[in-house]
1. At a threshold of 8 angstrom on Cα-Cα distance, excluding pairs fewer than six apart, so keeping six or more, what relative contact order does the range 98-171 reach in percent?
2. By a straight-distance test (C-alpha under 16 Å), which lysines pair with Lys164 as possible cross-link partners, with residues fewer than eight away in the same chain excluded?
3. Can you work out the PRE-style zone for Cys96? Point 7 Å along Cα to Cβ, and I want the residues of the range 102-137 with backbone N under 18 Å.
4. I need the peptides 69-79, 145-155, 89-99 ranked by packing, meaning the mean over residues of other C-beta atoms within 10 angstrom, with the highest value on top.
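Values quoted throughout were computed directly from the atomic coordinates according to the rules given, and no laboratory measurement underlies them. Since this is a predicted model, take the numbers as computed values, not measurements. Glycine also receives a Cβ, built like all others from the backbone with ideal geometry; neighbour counts cover every protein chain displayed.
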Amino acid sequence: MTCIMALHQTIGNQAVQRLFTGTRGLQGSVGGRQLDDSRMIMTFHAGSKVATPTGDEKGDCSGWLRDQESLSIKAAKHYVATRLGWSPGVPEQVSCDPPISTGAYLCRVTFSDGTVIKVIAKPDEIIVGVNPLSLSPPPDRPLCFYDFHCTPSGELILTERECKTGKQSSP
């Protein structure tokens, strides 16, 4: 998955093309459909198979974990793009609590329509959901758990591990 200018790969039955355009910008397409920067930075899913680098292809994520605001915006934009059936607009404000002794912290990303997405970043996972966070959220506002790693060039890659929703009541 390491590349200098372009990466072509197959995930499941979809061809994914990634083109590096700068230190943090990516452009690309899945199945011929152009995707924006926020979707290209994250790992794409095809069914339950996810392409993730292993071994020496992984980079250092310590900079992302220290930059609470940038990590939270990336995670919130990814969650909005892949999980919400509506658009809350663009991120306008980020507020973060100080990290606890384990290094974990909570940030709130407020979008232009007033929607608040909460991001909990831990050294080994990122948890994202619509405020207020709940272990049994409604189906249109799942609580999602992500594994993450960074590429050698410093890009943050989120891999969805699980999204939880509350059980729907039977009529």
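1. 21 percent.
2. Of all the lysines, those that pass the test against Lys164 - Cα under 16 Å, at least 8 places apart if same chain - are Lys118.
3. Answer for this model: 102-111, 117-129.
4. Most protected by this proxy first, the peptides run 69-79, 145-155, 89-99.
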